[in-house]
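Visitor: Pasting in a structure now, in structure tokens, and then I'll have a few things to ask.
The values are calculated or read from the model by the stated rules, or taken from the named source; none is laboratory data. Quick caveat, the model's predicted, so the values are computed rather than measured. Cβ sites come from the backbone with ideal geometry, for glycine too, and all protein chains shown count toward neighbours. Accessible surface areas use protein heavy atoms only, side chains included; no ligands, DNA or RNA. Shrake-Rupley method; radii C 1.70, N 1.55, O 1.52, S 1.80 Å.
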Amino acid sequence: MPDRPGVQFLPDGSIDYVKTYKAVHAINVGCTNNNWGIYYWSSWKHYLPGEDHYYEPILEVGCGNGRLCQKLARRGHKNPCGIDVVAADYDRDGYEFITYDITKIPWPSPDNAYPLALAFDVFEHLPLCDLRPVVNEFLRVSERQVISVPHFQSEPDLHRVVESKEWWQKYLGCEWEVLCNSRRNATVFGRKGS
């Protein structure tokens with residue numbers, strides 16, 4: 001088996017993605033220090049509904065280190081919630097954290113529980129067979145949605161759906177709009193629901 005730091009394998013030689021993400025979070029400084037939701041803040045903050053953009057709760061899917069949830073809490077948003085398969089030892093003050101594998105449907109949330117759900121650089125990590133059920137669940141639990149997806153392979157074997165902006169637009173559907181094309185070769189999409 002190839003020697004790649006953090007990559008964990010199942011007995012059949014395929015990648016164990018849950019264990020791999022836990023290992024990558026433990027050794028990758030990018031997972032610890034970065035958060036693409038904060039990076040893209042100016043492109044999606046107008047999607048926050050309500051007067052003065054303060055309301056509750058916001059869901060961040062694939063929250064990783066939780067920096068965006070913490071930033072939202074510091075800005076006055078009440079009860080931000082992060083969900084991630086990794087329960088790493090990050091500072092979880094100021095927001096609710098749920099350890100959960102988002103490919104397990106249904107998620108532990110009622111319909112439209114969140115006025116806004118965010119997923120920054122998450123969906124490209126899913127196997128294509130899990131992508132549609134996860135996107136549908138993302139839509140089910142929230143009224144508005146914002147996602148970002150990269151169009152390049154930066155992590156061998158960890159980016160499983162690497163497609164163009166046009167592919168994502170067609171896959172997501174016409175109700176999603178492009179909010180930002182970043183210099184990082186990624187697109188931020190938003191959907192305000194019906």
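Condition check ((1) closer than 20 Å to P133 by Cα; (2) open to solvent by 60 Å² or more (accessible area, probe 1.4 Å); (3) modelled with pLDDT under 85; (4) within 12 Å of the chain's Cα centre (by Cα)) across all residues:
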| site | (1), (2), (3), (4) |
| --- | --- |
| D52 | no, yes, yes, no |
| G66 | no, no, yes, yes |
| R75 | no, yes, yes, no |
| I98 | yes, no, no, no |
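Visitor: Something else about it: If you go through segment 90-111 one residue at a time, how many are more than 15 Å from Q70 (Cβ to Cβ) and not hydrophobic (A, V, I, L, M, F, W, C)?
Guide: Pass one, segment 90-111, residues more than 15 Å from Q70 (Cβ to Cβ): 98-111.
Narrowing further to those that are not hydrophobic (A, V, I, L, M, F, W, C): 99-101, 103-104, 106, 108-111.
Residues flagged as more than 15 Å from Q70 (Cβ to Cβ) and not hydrophobic (A, V, I, L, M, F, W, C) within segment 90-111 amount to 10.
Visitor: If only one of R140, R144 is farther than 20 Å from K165 by Cβ and touching a residue at least 60 places away in the same chain (Cβ under 8 Å), which one is it? Write out each step before concluding.
Guide: Numbers: R140 fails: touching a residue at least 60 places away in the same chain (Cβ under 8 Å).
One residue alone meets the criteria, R144.
Visitor: Considering only residues that are open to solvent by 50 Å² or more (accessible area, probe 1.4 Å) and small (G, A, S), look in segment 77-96 and name the one that is modelled with the lowest pLDDT.
Guide: Top of the filtered list is A87.
Visitor: If I ask for residues that are under 18 Å from I105 (Cβ atoms), under 14 Å from the mean Cα position of the chain (by Cα) and modelled with pLDDT under 85, which ones from segment 127-160 would you list?
Guide: The answer is I147, and nothing else.
Visitor: Return the pair list, or none, for Cβ contacts closer than 6 Å from residues in segment 168-191 that are outside any helix (DSSP H, G or I) to residues that are open to solvent by 80 Å² or more (accessible area, probe 1.4 Å) and at pLDDT below 80, at least 6 apart or on different chains.
Guide: Pairs found: T187/N181.
Visitor: Name every residue in segment 161-175 that is open to solvent by less than 50 Å² (accessible area, probe 1.4 Å) and at pLDDT 85 or above, in order of residue number.
Guide: Residues satisfying the conditions are W168, Y171, L172, G173.
Visitor: Restricting to segment 101-134, what's the tally of residues that are open to solvent by 50 Å² or more (accessible area, probe 1.4 Å) and either over 16 Å from V161 (Cα atoms) or part of a loop (DSSP other than H, G, I, E, B) (or both)? Walk me through how you get there before you give the answer.
Guide: Step one: list which residues in segment 101-134 are open to solvent by 50 Å² or more (accessible area, probe 1.4 Å), which gives 104-106, 108, 110-112, 128-129, 132-133.
The next check asks that each one be either over 16 Å from V161 (Cα atoms) or part of a loop (DSSP other than H, G, I, E, B) (or both); those that pass are 104-106, 108, 110-112.
Qualifying residue count, segment 101-134: 7.
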